[in-house]
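Here the structure is laid out as C-alpha cells; the discussion comes afterwards.
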Amino acid sequence: MPKQRVVIVGAGFGGLACARKLRKSSAYDVTLIDKNPYQLFSPLLYQVATASLPEDDIAFPVRTAYREVKFVRAAVTGVDTATKTVSLSTGRTISYDDLVLAVGSEGATFGIPGVAEHTLQMKSIADAREIRRSLLRNYELVEDEVLPIESLNVVIVGGGPTGVELAGAVRELQGEIRREFEAIAPQASVTLLEAGPRLLPSFHPRSSEHTAKTLTKMGVNVRVNAAVVGATATSLLLKEGDEIVAGTRVWAAGVVAPPQWKFLGETDRGNRLKVQPTLQLRENVWVIGDAASVLGPAGRPLPMIAPVAIQQGKYVARQLVRRARNESPEAFAYRDKGQMATIGRRKAVVEIRSWLRFSGSIAWLTWLALHLAYLSGGRNRTSIFADWVWNYLVWTPRRTITE
Ligand SMILES: Cc1cc2nc3c(=O)[nH]c(=O)nc-3n(C[C@H](O)[C@H](O)[C@H](O)COP(=O)(O)OP(=O)(O)OC[C@H]3O[C@@H](n4cnc5c(N)ncnc54)[C@H](O)[C@@H]3O)c2cc1C
C-alpha cells in the first residue's frame, strides 16, 4: 500500500504535536510546512520582551527535530480542496491526502483608530525584540534629552494573562534599571488597562482581585473599565476622555484567527473555522488550535491556549492512525487542566479547578515547572532553567544589548 500524504500547515503547538505523534506511523508520509523554521514558545515571549531571556531559548528548531517528518519552510498562500493541493510562497505546490490546518492566530486591533500604527503587538520574536528595544532604548534617549521624560512610561492594553505577565515583568525591569539611570528612572511608570470590570476575566474573581492587588503593590497603575478608543504616536485615548502619554504602548487585548482561511468554511466572530466534533472541516481537512472553533462543555468555544492546540494535534494524529487500521473515529474531548498566570518573581496565580486555587511562591514554582515541562527540546529547557536560576536566585540585574 502506498503511504498516505499528510500535510500539516503550521509548526506551532498543535501542528508539532500532531507531527510528533504521527511520525512513527507506517501508513503516513508527514510533511510539516511553516513560514518560520522554529516553533515559537509564545508563553515566554514577555520574558524576551523584558530582557530576561534570549530569543533563541524560546524558538525550537523544527527542521531537524524529527527525522521521519519532512519540513518545508514557506508560507502557505492557498489551499485547493478540489485538487487537494496547497500552494506555497515559493511558487511550489504540494499535494495531500489529508490536510491539517494549524495556522494559529494574530493580534486583533478591533479597528480602533491608530492602534495598528502606534502600538506594539507581542505575537512574534520580532515583536518582542521591538518592545525590548523601546523599553531599554528610551532610557538612553531620555538621558540624552532626545525624548521627553514621559517616554519612560509604559502602557499595556489588555488585562488577560499576557497583559498581566508583561506589566509585572516591565515593572521589575524598571526597578532593576534604576541603578543605571538614577536621575531619570524613578519617573518611569507602567499602566495596565482593561476594558472589562476585572483583570484575568477567565479566572475566579478572587484570583483577579489578588492579581490587581499584587500588581498595584508592585507599583503598576491598574485601571479596569478603561476602554481604549484611539492611539496616537505618543499616547492612548480612553473612552472617558483621558489621554495616557507613554513612550512604549503595547497592545495585548485579543487575538483572532488569520482571515485568509475564511473561504474554507463557516467562521465565528474571531475568524475561527467552525469544525465538526471530530475537528474536521470536511472529509480530509482538519483544523486545530487557535484557528479552530470547537464548542466546549459549557457551550462556548474552547479557549485559544496551548493545551487545547496540543490535545487537538494529538487527537487528529490518533484519528488518522485509527482510520488506517479501519477503526471508527472518536469525538474530541478537551481535558481542562486549569489555568495560571505569573505576576512577578515569586508571585503567580494557579487554578486547577474553581475550588482548587493557590497563589504566591508555590503558584510561581508550579508555573516555572510546568513551563519547563511544556518546552520542546532539551537544549532550550536547560538554557532557560540556567537563565531562571541566574535571574531569580542570584538576583543580578539583567544585561542585554540594546540595538
Ligand atoms: C504572548 C502570548 C502569550 C501566550 N501565553 C500563553 C500561556 O501562558 N499559556 C497558554 O496556554 N497559551 C498561551 N498563549 C496562546 C498560545 O500560544 C496559543 O494558543 C498556541 O500557540 C496555539 O497553538 P497553534 O498550534 O494553534 O498555533 P501556533 O502555536 O501559533 O502555531 C501556528 C504556526 O503556524 C505558522 N503559520 C501561520 N500561518 C502560516 C502560513 N500561512 N504558512 C505557513 N505557516 C504558517 C506560524 O508561523 C506558527 O508557527 C500565548 C500567546 C501569546 C501570543
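The values are calculated or read from the model by the stated rules, or taken from the named source; none is laboratory data. If you're wondering where the values come from, they're calculated on a predicted model, not measured in any experiment. Because the Cβ atoms are built from the backbone with ideal geometry, glycine has one as well, and the counts that use them run over all protein chains shown. These area figures cover heavy atoms from the full protein model, side chains too; ligands, DNA and RNA do not enter into them. Shrake-Rupley method; radii C 1.70, N 1.55, O 1.52, S 1.80 Å.
General remarks:
- Residues (surrounded by fewer than 21 Cβ atoms within 10 Å (Cβ to Cβ) and small (Gly, Ala, Ser)) located in the stretch 229-288: 230, 233, 235, 241, 254, 265, 270
- Filtered residue count, the stretch 84-117, keeping only those that are under 19 Å from residue 227 (Cβ atoms) and within 10 Å of the ligand (Cβ to nearest atom): 1
- The requirement of being touching a helix residue (DSSP H, G or I) at 6+ places or on another chain (Cβ under 7 Å) and surrounded by fewer than 17 Cβ atoms within 10 Å (Cβ to Cβ) is satisfied by residue 372.
- Qualifying positions in the stretch 305-314 - open to solvent by 30 Å² or more (accessible area, probe 1.4 Å) and either within 20 Å of residue 123 (Cβ to Cβ) or more than 14 Å from the ligand (Cβ to nearest atom) (or both): 305, 307
- Residue within the stretch 295-304 that is assigned to a helix (DSSP H, G or I), within 15 Å of the ligand (Cβ to nearest atom) and closer than 14 Å to residue 104 by Cα present: no
- For the stretch 148-195, a tally of residues being assigned to a loop (DSSP other than H, G, I, E, B), within 13 Å of residue 136 (Cα to Cα) and small (Gly, Ala, Ser) returns 1.
- Matching residues in the stretch 31-83 - criterion: being more than 9 Å from the ligand (Cβ to nearest atom), in contact with a helix residue (DSSP H, G or I) (Cβ under 8 Å, 6 or more places away or on another chain) and of a type in the set (Val, Ile, Thr): 48, 50, 58, 69, 79, 81
- For the stretch 211-228, filtered to residues that are open to solvent by 70 Å² or more (accessible area, probe 1.4 Å) and in a helix (DSSP H, G or I), the residue that is nearest to residue 353 (Cα to Cα) is 213.
- Candidate set: the stretch 146-197, residues that are among the hydroxyl-bearing types (Ser, Thr, Tyr) and touching a residue at least 60 places away in the same chain (Cβ under 8 Å); chosen: the one nearest to the ligand (Cβ to nearest atom): 162
- First in the stretch 84-96 and without any contact (Cβ under 8 Å) to a residue 12 or more places away in the chain, second anywhere and assigned to a loop (DSSP other than H, G, I, E, B), Cβ under 8 Å, 6 or more apart: 85/96
- Scanning the stretch 74-108 for residues that are of a type in the set (S, T, N, Q) and either at positive phi or surrounded by fewer than 19 Cβ atoms within 10 Å (Cβ to Cβ) (or both) yields 77, 81, 83, 85, 87, 89, 90, 93, 95.
- Consider the stretch 11-26 and keep the residues that are part of a loop (DSSP other than H, G, I, E, B) and open to solvent by 30 Å² or more (accessible area, probe 1.4 Å). The one that is farthest from the ligand (Cβ to nearest atom) is 26.
- Annotation: residue 8 fulfils all but one of (1) crowded, with 24+ Cβ neighbours inside 10 Å; (2) not in a strand (DSSP E or B); the unmet one is (2).
- Within the stretch 115-148, being open to solvent by 30 Å² or more (accessible area, probe 1.4 Å), of a type in the set (Lys, Arg) and under 20 Å from the mean Cα position of the chain (by Cα) holds for 123, 129, 133.
- Scan of the stretch 64-73 for residues that are more than 16 Å from residue 29 (Cβ to Cβ) and exposed (fewer than 12 other Cβ atoms within 10 Å of the Cβ), ordered by number: 64
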